[in-house]
1. Run the simple label-point estimate for L154 and V19 please: 7 Å along Cα→C-beta, distance reported in nm.
2. Once amide H atoms are placed 1.01 Å from N in the peptide plane, what residues at a sequence separation of 5 or more from W232, or on another chain, have their amide H within under 5 Å of its amide H?
3. Estimate the FRET efficiency between M196 and I218 by the formula 1/(1 + (r/R0)^6), using the beta-carbon distance for r and 22 Å for R0, to the nearest 0.05.
4. Between V211 and L228, what is the spin-label point distance in nm, taking each point 7 Å from the Cα along the Cα→C-beta axis?
5. Please arrange D85, D106 by accessible surface area, largest first, computed with a 1.4 Å probe and ligands excluded.
6. Which value in nm describes the separation of the simple spin-label points at L48 and T188, placed 7 Å from the Cα toward the beta carbon?
7. Which ³J(HN,Hα) values, rounded to whole Hz and listed in residue order, are derived for the stretch 143-154 from phi using the Karplus coefficients 6.51, -1.76 and 1.60 in 6.51 cos²θ - 1.76 cosθ + 1.60 with θ = phi - 60°, glycine and proline given as x?
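The values are calculated or read from the model by the stated rules, or taken from the named source; none is laboratory data. Note that this is a predicted model, so its numbers are computed, not measured. Here the Cβ positions follow ideal geometry from the backbone for every residue, glycine too, while neighbour counts run over all protein chains shown. Note: areas computed on protein heavy atoms with side chains; ligands, DNA, RNA excluded. Shrake-Rupley method; radii C 1.70, N 1.55, O 1.52, S 1.80 Å.
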Amino acid sequence: MYTTIVGIISLLSYVCAAVLLAKELFQGLSQQRAPIFLAWLGAALHSLYLILIFQQHHDFNFSFFNAAALVVLFIVLILLFAILDKPLEKLGIAIFPLAAILLGLDMIFPEKIHPLSAHNWQMNTHILTSIIAFSLLNIAALQAILLAIQNKQLRSHHPRRLMLALPPLQAMETLLFQTIAAGLLFLTLSLTSGFMFIDDLFAQHLVHKTVLSIFAWIIFSGLLIGRLRYGWRGSTAIRWTLTGFLLLLLAYFGSKLVLELILKKV
(Lines give C-alpha, C1' and ligand atoms only; values in the text may rest on other atoms or scores of the structure.)
Protein backbone atom coordinates (compact mmCIF):
# COMPACT_ATOMS: atom_id res chain seq x y z
CA MET A 1 0.00 0.00 0.00
CA TYR A 2 2.79 2.40 0.97
CA THR A 3 4.60 1.60 -2.28
CA THR A 4 1.47 2.43 -4.29
CA ILE A 5 1.00 5.76 -2.48
CA VAL A 6 4.62 6.73 -3.19
CA GLY A 7 4.15 5.80 -6.87
CA ILE A 8 0.92 7.80 -7.18
CA ILE A 9 2.45 10.93 -5.61
CA SER A 10 5.45 10.60 -7.95
CA LEU A 11 3.12 10.23 -10.94
CA LEU A 12 1.11 13.30 -9.94
CA SER A 13 4.28 15.33 -9.40
CA TYR A 14 5.42 14.53 -12.95
CA VAL A 15 2.02 15.46 -14.39
CA CYS A 16 1.88 18.75 -12.47
CA ALA A 17 5.43 19.62 -13.56
CA ALA A 18 4.55 18.99 -17.22
CA VAL A 19 1.31 21.00 -16.96
CA LEU A 20 3.10 23.98 -15.39
CA LEU A 21 5.84 23.88 -18.04
CA ALA A 22 3.23 23.76 -20.79
CA LYS A 23 1.36 26.65 -19.17
CA GLU A 24 4.59 28.70 -19.04
CA LEU A 25 5.23 27.98 -22.69
CA PHE A 26 1.81 28.58 -24.20
CA GLN A 27 0.86 31.54 -22.02
CA GLY A 28 4.25 33.21 -22.36
CA LEU A 29 4.85 33.26 -18.60
CA SER A 30 8.27 33.82 -17.05
CA GLN A 31 10.16 30.73 -15.96
CA GLN A 32 9.18 29.47 -12.50
CA ARG A 33 10.97 27.12 -10.12
CA ALA A 34 7.85 25.14 -9.22
CA PRO A 35 7.85 22.79 -12.29
CA ILE A 36 11.47 21.76 -11.78
CA PHE A 37 10.94 21.34 -8.03
CA LEU A 38 7.96 19.08 -8.74
CA ALA A 39 10.00 17.12 -11.26
CA TRP A 40 12.78 16.56 -8.70
CA LEU A 41 10.11 15.48 -6.19
CA GLY A 42 8.68 13.09 -8.77
CA ALA A 43 12.14 11.65 -9.51
CA ALA A 44 12.93 11.25 -5.79
CA LEU A 45 9.66 9.43 -5.13
CA HIS A 46 10.09 7.43 -8.36
CA SER A 47 13.47 6.27 -7.01
CA LEU A 48 11.89 5.43 -3.63
CA TYR A 49 9.15 3.46 -5.40
CA LEU A 50 11.73 1.32 -7.22
CA ILE A 51 13.71 0.87 -3.99
CA LEU A 52 10.56 -0.36 -2.22
CA ILE A 53 9.89 -2.79 -5.08
CA PHE A 54 13.52 -3.91 -4.75
CA GLN A 55 13.04 -4.55 -1.00
CA GLN A 56 9.77 -6.41 -1.50
CA HIS A 57 11.34 -8.87 -3.93
CA HIS A 58 14.83 -8.77 -2.40
CA ASP A 59 16.14 -7.60 -5.75
CA PHE A 60 15.20 -5.50 -8.77
CA ASN A 61 12.18 -6.83 -10.66
CA PHE A 62 13.53 -6.75 -14.20
CA SER A 63 10.16 -7.32 -15.90
CA PHE A 64 9.00 -5.26 -18.89
CA PHE A 65 7.19 -2.38 -17.18
CA ASN A 66 9.52 -2.28 -14.17
CA ALA A 67 12.53 -2.12 -16.48
CA ALA A 68 10.80 0.64 -18.47
CA ALA A 69 10.14 2.54 -15.21
CA LEU A 70 13.86 2.32 -14.36
CA VAL A 71 14.91 3.49 -17.82
CA VAL A 72 12.57 6.49 -17.75
CA LEU A 73 13.87 7.41 -14.27
CA PHE A 74 17.40 7.59 -15.72
CA ILE A 75 16.05 9.74 -18.57
CA VAL A 76 14.35 12.13 -16.11
CA LEU A 77 17.49 12.39 -13.94
CA ILE A 78 19.73 13.04 -16.96
CA LEU A 79 17.38 15.83 -18.05
CA LEU A 80 17.16 17.36 -14.57
CA PHE A 81 20.95 17.45 -14.20
CA ALA A 82 21.29 18.90 -17.71
CA ILE A 83 18.82 21.65 -16.78
CA LEU A 84 21.24 22.86 -14.09
CA ASP A 85 23.39 24.57 -16.74
CA LYS A 86 21.37 24.35 -19.98
CA PRO A 87 17.90 25.75 -20.82
CA LEU A 88 16.35 22.37 -21.65
CA GLU A 89 13.48 22.34 -19.17
CA LYS A 90 10.89 22.42 -21.98
CA LEU A 91 11.88 18.85 -22.88
CA GLY A 92 10.08 17.95 -19.67
CA ILE A 93 6.76 18.62 -21.43
CA ALA A 94 7.36 15.34 -23.30
CA ILE A 95 9.51 13.40 -20.81
CA PHE A 96 7.62 13.94 -17.54
CA PRO A 97 4.26 12.62 -18.86
CA LEU A 98 6.12 9.62 -20.32
CA ALA A 99 7.60 8.94 -16.88
CA ALA A 100 4.14 9.21 -15.31
CA ILE A 101 2.63 6.81 -17.87
CA LEU A 102 5.31 4.13 -17.49
CA LEU A 103 5.24 4.41 -13.70
CA GLY A 104 1.46 4.09 -13.77
CA LEU A 105 1.61 1.03 -16.05
CA ASP A 106 4.09 -0.63 -13.70
CA MET A 107 1.66 -0.12 -10.80
CA ILE A 108 -1.42 -1.25 -12.76
CA PHE A 109 0.13 -4.33 -14.42
CA PRO A 110 2.37 -6.17 -11.94
CA GLU A 111 4.23 -8.89 -13.79
CA LYS A 112 6.07 -12.12 -13.18
CA ILE A 113 9.29 -11.43 -11.34
CA HIS A 114 12.56 -11.39 -13.29
CA PRO A 115 15.11 -10.76 -10.52
CA LEU A 116 18.45 -9.19 -11.30
CA SER A 117 20.07 -11.39 -8.65
CA ALA A 118 19.93 -14.24 -11.15
CA HIS A 119 23.00 -12.65 -12.70
CA ASN A 120 26.49 -12.00 -11.39
CA TRP A 121 28.06 -8.55 -11.07
CA GLN A 122 29.45 -8.73 -14.61
CA MET A 123 26.00 -9.25 -16.09
CA ASN A 124 24.56 -6.56 -13.82
CA THR A 125 27.21 -4.17 -15.16
CA HIS A 126 26.14 -5.02 -18.71
CA ILE A 127 22.47 -4.37 -17.89
CA LEU A 128 23.12 -1.05 -16.12
CA THR A 129 25.41 0.32 -18.86
CA SER A 130 22.75 -0.69 -21.39
CA ILE A 131 20.11 1.27 -19.47
CA ILE A 132 22.30 4.37 -19.21
CA ALA A 133 23.19 4.19 -22.91
CA PHE A 134 19.54 3.87 -23.92
CA SER A 135 18.55 6.75 -21.61
CA LEU A 136 21.17 9.11 -23.04
CA LEU A 137 20.36 8.22 -26.63
CA ASN A 138 16.65 8.62 -25.87
CA ILE A 139 17.39 12.23 -24.86
CA ALA A 140 19.39 12.60 -28.08
CA ALA A 141 16.42 11.34 -30.13
CA LEU A 142 14.11 13.90 -28.49
CA GLN A 143 16.66 16.61 -29.20
CA ALA A 144 16.85 15.48 -32.83
CA ILE A 145 13.06 15.74 -33.16
CA LEU A 146 13.09 19.25 -31.67
CA LEU A 147 15.99 20.16 -33.94
CA ALA A 148 13.99 19.02 -36.98
CA ILE A 149 11.01 21.16 -35.92
CA GLN A 150 13.32 24.08 -35.13
CA ASN A 151 14.94 23.81 -38.58
CA LYS A 152 11.58 23.72 -40.33
CA GLN A 153 10.16 26.70 -38.46
CA LEU A 154 13.27 28.82 -38.91
CA ARG A 155 13.15 28.19 -42.65
CA SER A 156 9.50 29.23 -42.74
CA HIS A 157 10.41 32.40 -40.77
CA HIS A 158 7.55 31.72 -38.34
CA PRO A 159 9.12 30.34 -35.15
CA ARG A 160 6.59 29.40 -32.46
CA ARG A 161 6.78 29.65 -28.69
CA LEU A 162 8.42 26.25 -28.16
CA MET A 163 11.20 27.06 -30.60
CA LEU A 164 11.78 30.45 -29.05
CA ALA A 165 12.06 28.80 -25.64
CA LEU A 166 14.85 26.47 -26.83
CA PRO A 167 18.56 27.31 -27.10
CA PRO A 168 19.85 28.61 -30.48
CA LEU A 169 20.10 26.09 -33.31
CA GLN A 170 23.90 25.82 -33.12
CA ALA A 171 23.79 25.24 -29.36
CA MET A 172 21.12 22.55 -29.83
CA GLU A 173 23.28 20.76 -32.40
CA THR A 174 26.33 20.92 -30.15
CA LEU A 175 24.35 19.52 -27.24
CA LEU A 176 22.94 16.79 -29.49
CA PHE A 177 26.40 15.54 -30.44
CA GLN A 178 27.62 15.75 -26.84
CA THR A 179 24.69 13.60 -25.74
CA ILE A 180 25.30 11.10 -28.55
CA ALA A 181 28.99 10.86 -27.63
CA ALA A 182 28.12 10.10 -23.99
CA GLY A 183 25.48 7.57 -25.04
CA LEU A 184 27.89 5.91 -27.47
CA LEU A 185 30.47 5.53 -24.70
CA PHE A 186 28.01 3.61 -22.52
CA LEU A 187 26.73 1.64 -25.51
CA THR A 188 30.33 0.58 -26.22
CA LEU A 189 30.73 -0.51 -22.58
CA SER A 190 27.44 -2.40 -22.80
CA LEU A 191 28.40 -4.27 -25.97
CA THR A 192 31.90 -5.02 -24.69
CA SER A 193 30.63 -6.40 -21.38
CA GLY A 194 27.97 -8.37 -23.24
CA PHE A 195 30.50 -10.10 -25.48
CA MET A 196 32.74 -10.79 -22.48
CA PHE A 197 30.15 -12.10 -20.04
CA ILE A 198 27.24 -13.62 -22.02
CA ASP A 199 27.97 -17.26 -22.75
CA ASP A 200 25.15 -18.39 -25.04
CA LEU A 201 23.40 -15.69 -27.06
CA PHE A 202 21.06 -18.14 -28.79
CA ALA A 203 19.84 -19.78 -25.58
CA GLN A 204 19.17 -16.39 -23.99
CA HIS A 205 17.22 -14.92 -26.94
CA LEU A 206 19.84 -12.20 -27.30
CA VAL A 207 21.10 -12.61 -30.87
CA HIS A 208 18.67 -10.12 -32.43
CA LYS A 209 19.22 -7.68 -29.56
CA THR A 210 22.99 -7.84 -30.04
CA VAL A 211 22.80 -7.47 -33.83
CA LEU A 212 20.47 -4.46 -33.62
CA SER A 213 22.65 -2.86 -30.94
CA ILE A 214 25.76 -3.33 -33.10
CA PHE A 215 24.01 -1.69 -36.07
CA ALA A 216 23.00 1.19 -33.79
CA TRP A 217 26.61 1.48 -32.57
CA ILE A 218 27.83 1.64 -36.18
CA ILE A 219 25.30 4.35 -37.02
CA PHE A 220 26.12 6.54 -34.02
CA SER A 221 29.87 6.04 -34.51
CA GLY A 222 29.54 6.91 -38.20
CA LEU A 223 27.57 10.01 -37.31
CA LEU A 224 30.25 11.25 -34.89
CA ILE A 225 33.00 10.52 -37.42
CA GLY A 226 31.01 12.34 -40.11
CA ARG A 227 30.60 15.30 -37.78
CA LEU A 228 34.34 15.48 -37.07
CA ARG A 229 35.60 14.84 -40.63
CA TYR A 230 32.89 16.29 -42.83
CA GLY A 231 30.98 18.66 -40.57
CA TRP A 232 27.69 16.75 -40.78
CA ARG A 233 24.77 18.57 -39.18
CA GLY A 234 21.13 19.46 -39.71
CA SER A 235 18.93 16.91 -41.46
CA THR A 236 21.78 14.42 -41.83
CA ALA A 237 22.39 14.37 -38.07
CA ILE A 238 18.67 14.12 -37.38
CA ARG A 239 18.13 11.15 -39.72
CA TRP A 240 21.12 9.21 -38.40
CA THR A 241 20.19 9.88 -34.77
CA LEU A 242 16.58 8.76 -35.16
CA THR A 243 17.58 5.67 -37.16
CA GLY A 244 20.11 4.63 -34.52
CA PHE A 245 17.63 5.20 -31.71
CA LEU A 246 14.90 3.21 -33.48
CA LEU A 247 17.29 0.26 -33.74
CA LEU A 248 18.08 0.53 -30.02
CA LEU A 249 14.40 0.77 -29.16
CA LEU A 250 13.73 -2.46 -31.06
CA ALA A 251 16.78 -4.09 -29.50
CA TYR A 252 16.05 -3.13 -25.90
CA PHE A 253 12.28 -3.34 -25.72
CA GLY A 254 11.00 -4.94 -28.92
CA SER A 255 12.07 -8.47 -28.03
CA LYS A 256 11.15 -8.01 -24.35
CA LEU A 257 7.66 -6.88 -25.35
CA VAL A 258 7.14 -9.87 -27.62
CA LEU A 259 8.61 -12.47 -25.26
CA GLU A 260 7.00 -11.31 -22.00
CA LEU A 261 3.70 -9.68 -22.93
CA ILE A 262 2.73 -11.44 -26.16
CA LEU A 263 4.33 -14.91 -26.00
CA LYS A 264 4.31 -14.97 -22.15
CA LYS A 265 7.88 -16.27 -21.99
CA VAL A 266 10.48 -15.36 -19.40
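1. 3.5
2. Here the answer is R227, since their amide H atoms fall under 5 Å of that of W232.
3. On the way: r = 20 Å, r/R0 = 0.89.
Efficiency computed from Cβ-Cβ geometry: 0.65.
4. 3.0
5. Working: D85 110, D106 15 Å².
Output order, biggest surface exposure first: D85, D106.
6. Going by the 7 Å Cα→Cβ label model, 3.9 nm.
7. Listing the rounded values in order: 4, 5, 5, 4, 5, 5, 5, 4, 4, 5, 6, 5 Hz.
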